1. Could you check residue A:197 against (1) closer than 30 Å to residue A:115 by Cα; (2) in a helix (DSSP H, G or I) and say which number it fails?
2. Do we find that residue A:50 is free of Cβ contacts under 8 Å to residues at least 60 places away in the same chain and touching a helix residue (DSSP H, G or I) at 6+ places or on another chain (Cβ under 6 Å) in this structure?
3. Please go through the range B:195-212 and pick out each residue that is part of a strand (DSSP E or B), surrounded by 20 or more Cβ atoms within 10 Å (Cβ to Cβ) and more than 13 Å from every other protein chain (Cβ to nearest Cβ).
4. Could you tell me which of the residues B:292, B:313 is within 14 Å of chain A (Cβ to nearest Cβ) and at pLDDT 95 or above?
5. Name every residue in the range A:195-222 that is at the interface with chain B (Cβ under 10 Å from one of its Cβ atoms) and either without any contact (Cβ under 8 Å) to a residue 12 or more places away in the chain or out of contact with any helix residue (DSSP H, G or I) (no Cβ under 9 Å at 6 or more places or on another chain) (or both), in order of residue number.
6. What number goes with the only condition from (1) surrounded by fewer than 20 Cβ atoms within 10 Å (Cβ to Cβ); (2) away from chain A (no Cβ under 14 Å); (3) part of a strand (DSSP E or B) that residue B:244 does not pass?
7. Output the number of residues of the range A:313-323 satisfying the condition of being at the interface with chain B (Cβ under 9 Å from one of its Cβ atoms), crowded, with 19+ Cβ neighbours inside 10 Å and out of contact with any helix residue (DSSP H, G or I) (no Cβ under 6 Å at 6 or more places or on another chain).
8. Between B:275, B:302, B:297, B:363, which is surrounded by fewer than 21 Cβ atoms within 10 Å (Cβ to Cβ), outside the structural domain of residue B:228 (by TED's automatic domain parsing) and touching a strand residue (DSSP E or B) at 6+ places or on another chain (Cβ under 6 Å)?
């Protein structure tokens, strides 16, 4: 059980800056995801926490105490690896006991702790099986159990389920979330899968080139991205973007190249008249209406239809620009059918085109 | 242009049957997805169509021509594979032009077609780039463009999007479909991803363990799955499947779910009529997560469930419940709020329920 903090931490490898001035604080008992594309610094943050590398600048604190100079063993953090590396020739019980045997803890104590951990993880019945005879979910429990027997202050996981197939991954994240809740441990989870991060995190940090771009709950990240970078990185199908400019007088956004002129909500303080801007809206927030419906404000055509059963993705084009709209259910459209689109003001975002910074946020 | 007819198509590797007596008609100009988990025989089927795998038994007809003994190069098929196979020492232009060059097409004609294709694939500003400098996403666009430009009668794609990132995959899905609408080729598309199959294909052939499970339009496959395998494979999250027992209650029909409760259905409803044709009273009841209504606990004609996990996945919220000790999922709009531990009633709309025989797994009363 621990609170983990990064205070102005930077780390370079030669000329490559892996982590730049990171400030993060992970609360006790929190399920915290670190999310970003490959080589954005996610794994370096974990290595810094573990004590495998030392920061060039800044400080890492565990429960308020600086751990600078402390080796990995003294930090009492448990790492669960990407491939859930279990010893294939050992039973689940032997795998669980391994970290304790290695530390020369006496046999009775080892047995007691293995039994207690097995109980917590509901794997008592599996103790005599070897990994090959366990399901993916069971193997994960054993791997976590092996970290748990040491009673660590926090768990760190680096893409622990990335190698599994989609269905199993969905099951595992529910399982992980449940486990974390029951174990009441701080858990830091690194992933490059936005859906995974959204689904399990209490809070998440989004990284870009070693810098923290935004920290927040999945709801805040998804519905209130503070930059175009964050907006683009989460959501599937991805958010739609249209380039143009904001007219602060009429409080409207006008596109550069297509007939697209929509009303916006309250403008932020950074809006510059005529400054290059980028309008953004999520596919599920676009309203599709009939060509003669006054609720629609922008004329468009149906470009392609993707029926996905529970919902339909309608690709629409306004001139040359293609947007993805997503509607629940199985709707019927024909190709090139003229339609109108509605853009509810409270769902529209506008970003500065140069800096990517948020200019007009959704409600 | 060509239709493809597979009849009794079989492939054995020693004692192992990879494809078992497959009958499939792929109409001219249609986009057909071969869909299934790994080992289902989809890639082997495609390789036989392509002519890069021999046929153990059965026939492959392009229109009315048996091509079984025709070498791959003579079948007029284009391929795109998962790992793009681009000549990295050539420019993008040279790669796209390659298929036309080896066919001795006139230079001006090549130039016209390469530029049209580049515009279609949005590669205009990459034409002079060495292919080695392209991103993974761009490489796959070049691979598709290079194959499509020769306008083969049949276009075969084996998981062409599986190495791409999610956002680009969504974009390419649209573009591939658009490409097919423009060129009107017969397309066969192998995938394990039901979302790709649903969104791209005119028809889907769902396969498992070498055997065709169902062949139909995406709507047919999704709305009227022929068996539990198909029901479970299509849709994400997948269909909720609960064992239950049928009991006649006067004029009504009762579905009994043990501790999870009862559903009474009017005896003259379509669901009751279907249920009466069940070979046994033990059935599997299915309902899709997006069709279930969540109401207050204790109501009549609702299943009892308890929320144990709430998962925000962007545009939707997936509510995970325990019903009779089994996991049951309901999808709601984004930002839907419900507390973990809440006991609720779950109402499956009568018109959207599926029934399967518990023993065979086959849909009951399916046409």
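The values are calculated or read from the model by the stated rules, or taken from the named source; none is laboratory data. Keep in mind that this is a model prediction, so the values were computed, not measured. Heads up, the Cβs are rebuilt from the backbone with ideal geometry, glycines too, and the neighbour counts pull from every protein chain shown.
1. (1)
2. Details: free of Cβ contacts under 8 Å to residues at least 60 places away in the same chain: no; touching a helix residue (DSSP H, G or I) at 6+ places or on another chain (Cβ under 6 Å): yes.
Taking the combined requirement at face value, the residue does not satisfy it.
3. Step one: of the range B:195-212, the residues part of a strand (DSSP E or B) are B:203-208, B:211-212.
Checking the rest, the ones that are also surrounded by 20 or more Cβ atoms within 10 Å (Cβ to Cβ) come to B:204-207, B:212.
Within the range B:195-212, B:205, B:206, B:207, B:212 qualify.
4. One residue alone meets the criteria, B:292.
5. A:217, A:219
6. Among (1) surrounded by fewer than 20 Cβ atoms within 10 Å (Cβ to Cβ); (2) away from chain A (no Cβ under 14 Å); (3) part of a strand (DSSP E or B), the lone unmet condition for residue B:244 is (1).
7. Adding up the residues that qualify gives 1.
8. Numbers: B:275 fails: surrounded by fewer than 21 Cβ atoms within 10 Å (Cβ to Cβ); B:302 fails: surrounded by fewer than 21 Cβ atoms within 10 Å (Cβ to Cβ); B:363 fails: surrounded by fewer than 21 Cβ atoms within 10 Å (Cβ to Cβ).
Checking each option against the conditions leaves just B:297.
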